[in-house]
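Presented below is the structure to which this report refers.
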Amino acid sequence: MDLSELTDAALVERCREGQAAAWSTLVRRYQRLVYTVPRRAGLGDDLAADVFQIAFQRLYESLDRLDDGSRVRAWLVTTAKRETLRLLAERQRTTTGEEASDAIDAQVDPAPLQDAQLAALQDLDRLRQAVDRLAARDRQFVELLFLQEEPLAYDEIARRLQMAEGSIGPTRARCLAKLRSILAEM
């Protein structure tokens, strides 16, 4: 069985049973989301990696006390948020006077972890998971159409996927319907 298709609750249960593959799947599922919380708050790569490690370490230590495995996403985001805020406060304490104000103003968004921003991060993570569940060709189509830094023209997408340019619209509709279906299942 492909563990990536399991629900969060089922993965948490398998993690409690000591299945290392389930733990790896759970970490892969939420690594981008957890790492994004401190990065959006202005922390550098090293501190973001610390937040990531601490969040998953605490999850591992708390698996048996986690009441509802289906809420593991919220648990991880909350833990990452708290650890990020702790590191930001620590940074502020270690920097003095005007230097502290300048350093924080230069690196940190004035409202780094608003609930709306965290909800948007969670939605983005769910969308990434849904795209990852698409068949390889559909995933490639969605990535070329929607996930490029610079939008690609239809003729370029058609060339890369070796398909008729006129079939891009119907293919887009089918792929979006599949994504909606996957998101509804999640």
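The values are calculated or read from the model by the stated rules, or taken from the named source; none is laboratory data. Only a predicted model underlies this, so the values are computations on that prediction, with no experimental measurement involved. Glycine gets a Cβ as well: all are built from the backbone with ideal geometry, and neighbour counts include every protein chain shown.
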Check: When both residues are 6+ apart or on different chains and their Cβ atoms are under 7 Å apart, which pairs have a first residue that lies in the range 112-128 and is modelled with pLDDT of 75 or more, and a second that is surrounded by fewer than 13 Cβ atoms within 10 Å (Cβ to Cβ)?
Finding: Arg126/Met186
Notebook entry, point to check: Do you know which residues across the range 1-21 are under 20 Å from Glu61 (Cα atoms) and out of contact with any Leu (no Cβ under 7 Å at 6 or more places or on another chain)?
Noted result: Asp8, Ala9, Ala10, Glu13, Arg14, Glu17, Gly18, Gln19, Ala20
Notebook entry, point to check: Filter the range 34-48 for residues that are under 14 Å from the mean Cα position of the chain (by Cα) and without any contact (Cβ under 8 Å) to a residue 60 or more places away in the chain; which is nearest to Asp125 (Cα to Cα)?
Noted result: Val34
Next item on the list: Go through the range 145-176 and count every residue that is acidic (Asp, Glu) and either modelled with pLDDT of 90 or more or not in a loop (DSSP other than H, G, I, E, B) (or both).
Entry: 3
Note to self: Can you confirm whether Ala184 is out of contact with any Cys (no Cβ under 9 Å at 6 or more places or on another chain), in a helix (DSSP H, G or I) and either modelled with pLDDT of 90 or more or surrounded by 16 or more Cβ atoms within 10 Å (Cβ to Cβ) (or both)?
What the structure shows: no
